[in-house]
Each structure stands twice: as structure tokens, then as C-alpha cells.
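K.L.:
To start, I am sharing the structure in question, which I have written as C-alpha cells.
The values are calculated or read from the model by the stated rules, or taken from the named source; none is laboratory data. In this text, all values refer to a predicted model and were calculated from it rather than measured experimentally. Backbone-built Cβ (ideal geometry, glycine too); neighbour counts: all protein chains shown.
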């Protein structure tokens, strides 16, 4: 039935393939990461935790725009918050997010041999 693939190998590949729901969740994560402002936010948060006002100033965007992007990142589970008095600080949610960002960044900055 398969051109170059035996049935046993095909069944193994199919059994290991992520289900539709997991594939949709991963695709949504990449969709959220497709916005340049959110990528820049993740870069800054990969270096240190920041409040929304500092992020807005560093990115030269309005505080409502920064809050909007942070809400999307938080809903996707990419950033977390920490309250300190009246301030809320944002950080990357866990090491997986750091690694995801670093892998993508390393991939696009890697010079290909000519």
C-alpha cells in the first residue's frame, strides 16, 4: 500500500503521531508566537522578569498594547505573573518556553554553509 514504507513501520509512525487535539494546541502555540511584538516580549522575558510598564517602554508601544500581548501569552501558558505590592511582574512560564524560544532563535540566526 505504501510506496517505500512497510506496513509495520507505517503503523509505528501513526501510533506515535500526536493526536488532532495535541496538534491543534501546538499549532496555536506557534500561531501566538508568529507575532513579532510577542517574540520581542519573549526575548525580554527570557532575560529578566518585567512589569507591563517597563515592557511597554522598552518596546516603544502603549501600555494597553503590551497588556494585550501579555494576556495572549499568558492564556497560551507561555508567561506567568507574580504580584509584588501593586505591581505585576511577568516571566516566562517555565524552562520549556525558554528552550522553545532559544531553539527558534538559534535556528534563524544560524549561518548556513555556502
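K.L.:
Suppose we filter the stretch 99-114 for residues that are under 17 Å from residue 26 (Cα atoms) and either at pLDDT below 85 or outside the structural domain of residue 41 (by TED's automatic domain parsing) (or both); how many remain?
P.N.:
Selection size over the stretch 99-114: 1.
K.L.:
Same structure, new question: Just checking, does the stretch 85-95 include any residue being in contact (Cβ under 8 Å) with a residue 60 or more places away in the chain, in the same structural domain as residue 44 (by TED's automatic domain parsing) and within 23 Å of residue 31 (Cβ to Cβ)?
P.N.:
Just the residues of the stretch 85-95 that are in contact (Cβ under 8 Å) with a residue 60 or more places away in the chain, to begin with: none.
No: zero hits.
K.L.:
Additional query: If residue 77 meets every condition in (1) on the phi > 0 side of the Ramachandran plot; (2) surrounded by 11 or more Cβ atoms within 10 Å (Cβ to Cβ); (3) over 15 Å from the mean Cα position of the chain (by Cα) apart from one, which number is that one?
P.N.:
(3)
K.L.:
Would you mind telling me which numbered condition in (1) out of contact with any helix residue (DSSP H, G or I) (no Cβ under 7 Å at 6 or more places or on another chain); (2) not in a helix (DSSP H, G or I) residue 8 fails?
P.N.:
The number of the failed condition is (2).
Condition check ((1) surrounded by fewer than 11 Cβ atoms within 10 Å (Cβ to Cβ); (2) touching a strand residue (DSSP E or B) at 6+ places or on another chain (Cβ under 6 Å)) across all residues:
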{"site": "27", "(1), (2)": "yes, no"}
{"site": "45", "(1), (2)": "no, yes"}
{"site": "48", "(1), (2)": "yes, no"}
{"site": "56", "(1), (2)": "no, no"}
{"site": "67", "(1), (2)": "no, no"}
{"site": "72", "(1), (2)": "no, no"}
{"site": "102", "(1), (2)": "no, no"}
{"site": "106", "(1), (2)": "yes, no"}
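K.L.:
Separate question: Considering 72, 61, which residue is assigned to a loop (DSSP other than H, G, I, E, B) and closer than 14 Å to residue 41 by Cβ?
P.N.:
Numbers: 72 fails: assigned to a loop (DSSP other than H, G, I, E, B).
It is 61.
K.L.:
A follow-up question, please. Being under 26 Å from residue 102 (Cα atoms) and in a loop (DSSP other than H, G, I, E, B): is that true of residue 46 here?
P.N.:
Working: under 26 Å from residue 102 (Cα atoms): yes; in a loop (DSSP other than H, G, I, E, B): no.
Considered against the rule, which asks whether it is under 26 Å from residue 102 (Cα atoms) and in a loop (DSSP other than H, G, I, E, B), residue 46 comes out as no.
K.L.:
Further question: For the stretch 50-62, give me each residue that is free of Cβ contacts under 8 Å to residues at least 40 places away in the same chain and under 13 Å from residue 90 (Cβ atoms).
P.N.:
Listed by number, the residues that qualify are 51, 52, 53, 54, 55, 56, 58, 59.
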